[in-house]
């Protein structure tokens, strides 16, 4: 992997490629969305892949104040999901804690000239001076990219929205908060259907929350949601209007030998993603990534340790709240590899076929553009080899929570706090 | 990894070893030491968790997932301690301490040392600026408003100023569970009323505040003893404590001050609060009488 670009930003809170990989969207803590577009490969430099340049920037969400509860609503973008492209314009859904918005991003590269009633600079012409009629013509202009909010889906969530997922029918999507999941139609903003509700009658009895949800990539009636207790429930919307009873329940039995007071916290699932094939799903908990076969509920088929060396440090990580960090994970286009982030700006990639894994670092200092990335290693034993980093010198402020993989190529986007790193493979 | 202050706190309670060793029946001193080390660790974890629950974001709604996970951890520890018999010992020691009216400064110092150690330890792996990335994993040690409810359960943090050390650890923060979540369901409630109450009361007598705290204790324990349900509260007590305390706004301003000086521990909070209004500690008589009330309530709840 080669580092090709480092881009400055506000603290990035979500990263997502569109369906073709041509566009890369990031959302940040300030409520802004920045969309990057890949350059067309130039014919005179066939060996260099297109770079991503800023295509559009817009303010998606503003900070709000909930007057009833006297609390601020953060403008931070929690998730962005692209809609499949249906015409020349691109559409995406972006959400903060409470409100989801559908944005349409369209290009304008022509403008009309030769109006009858006004001048080129917009001033109205004196009607008595007009002696002939002319038809305005379309003239090329500098490309302008406009983003406009087409739908605003508001007031459906009491708790903080953690996930949105577009359904394979391309007409509906789901949004999940800590206790409820709602189903929306993309055209209808004043109504949504509640399909999961785990709120107990007495809030004092609350022991489990929803942490992530996703629609199945091919079956539009199926979705999954994960919980803070390390369980995943697969639901079929055909079974009932309210999917409180799951069709499948995925949970790995706990290893009694490694039980501690932190067992539940580290088992909390921070992200769940279906494979592109729709046959598997991947879950991320604090220390590992697990791949599940949808046909086998009692245990995952693959488990990958992300940073097992942190297991002995759980108490410190609990003290400084790092144990609550929500890492995301992603599949590559062919489902042969998975990627997730860690601390110290490290991120990990696992090849499912060869079972090889690699740790890389996203940092300006340690990698020059176009230089091959050097694999990193964290030393766990007493002896620290050269080039290894000891666990105690890891920087827990530098966490990579959001990563994205191009749907077709080996191009990855890694968000390290307020920098976006883009890595690519070279063409052979 | 574990704060040094814990040891001092343990010797303050001074009651663990006899019952502990009776329970476990270990002949070797090494085993006993290991056990007490485990108890120490567990205690420290419990304290840390309760402090975390107590401190939520001031202006933004607290992260529900984080609160639930911490609350589950606290519950887990409490269940284990109940099985050990440690929990009962703690509460008994508490009552004994109350009776002796030992709301002495050294207990509070122990808490302060514990918290300072906690914060110092927190500083090592994750130095500030934490809030910058706190959106993903909650900011630690940012002080909060614990939202009021219709019942007017509040002043949890104030509790720490007058109670002996153990209730300082348990009561305010476990109480913190409810409001942090309950506020979410406040959509149907008339929140305007609450905010009015909040805004109106600035100067409140100590007695009112302490009365509030006693009532808080009762509700907190009620929350906590899910498996061993507490006997239903005395209706007379309920009437007695029906006053709604509106010193919340005071708490807000105090806590705002705390946010900018994160190194303050509860002992400093005590000082700020006492400078803010009539000092609860200065009048030892009111302190003692309220502790007696607290003692009374605790007896009812613990059920002897």
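Values in this text are rule-based calculations from the coordinates and carry no lab data. Note that the coordinates shown come from a computational prediction; the quantities given were computed from them, not determined experimentally. When we count neighbours, we look across all protein chains shown, and the Cβ atoms used for this are built from the backbone with ideal geometry, even at glycine.
Label reach from residue A:279 (point 7 Å along Cα→C-beta): in region A:227-270, no amide nitrogen lies under 19 Å. With the cut-off at 1.5 for a/c, could you classify region A:64-103 from its C-alpha gyration tensor as rounded, prolate or oblate? Prolate, since a/c reaches 1.5 and a/b exceeds b/c. Sorting the segments A:196-203, A:50-57, B:64-71 by their residues' average number of neighbouring beta-carbon atoms within 10 angstrom, most packed first, yields B:64-71, A:50-57, A:196-203.
Sorted fewest first by neighbouring Cβ atoms within 10 angstrom, A:157, A:216, A:276 come out as A:276, A:216, A:157.
For region A:191-341, the Kirkwood estimate of the hydrodynamic radius, built from every pair of different alpha carbons, is 16.3 Å. Overall form of region A:188-260: oblate. Here a/c, set by the Cα gyration tensor axes a ≥ b ≥ c, is 1.5 or more, and a/b is not larger than b/c. In this calculation the C-beta distance from residue A:144 to residue A:236 is compared with R0 = 41 Å, giving a FRET efficiency of 0.35. Here the alpha carbons of chain A define both size measures, Rg and Dmax, at 24.1, 93 Å. Dividing the mean sequence gap of close Cα pairs (under 8 Å, 6+ apart) by how many residues chain A holds gives a relative contact order of 14 percent.
Region A:324-350 and region A:46-89 have Cα centres spaced 21 Å apart. Legend: mean number of C-beta atoms from other chains within 10 angstrom of residue C-beta atoms, peptide A:2-8, equals 0.
Among A:224, A:291, A:145, a tally of other beta-carbon atoms within 10 Å of each Cβ gives an order, fewest to most, of A:145, A:291, A:224. Per-residue shielding of B:70-77, expressed as the average number of other chain Cβ atoms within 10 Å of the residue Cβ, stands at 4.
Relative contact order of region A:268-420, taken over Cα pairs closer than 8 Å and 6 or more residues apart, is 18 percent. Given a Förster radius of 45 Å and the C-beta distance between residue B:79 and residue A:351 as r, what FRET efficiency does 1/(1 + (r/R0)^6) yield to the nearest 0.05? Using R0 = 45 Å, I get an efficiency of 0.60. Taking other C-beta atoms within 10 angstrom as a stand-in for reagent exposure, A:218, A:185 fall in the order A:218, A:185, fewest first.
Extension gain, residue A:5-residue A:380: 0.36 nm per intervening residue step, less the Cα-Cα distance, totals 131.9 nm. For the segment A:320-331, counting C-beta atoms of other chains within 10 Å of every residue's C-beta and taking the mean gives 5. Rounded, prolate or oblate: which fits region A:127-175, taking a ≥ b ≥ c as square roots of the Cα gyration tensor eigenvalues, rounded meaning a/c under 1.5, else prolate when a/b beats b/c? Prolate is the answer for region A:127-175, as a/c is 1.5 or above and a/b outweighs b/c.
Whole-percent P(r), region A:36-185, all Cα pairs, 5 Å bins from 0: 2, 7, 12, 14, 12, 11, 10, 9, 8, 7, 4, 2, 1, 0.
Per-peptide packing, taken as the mean over residues of other Cβ atoms within 10 Å, places A:348-354, A:304-310 in the sequence A:304-310, A:348-354 from highest down.
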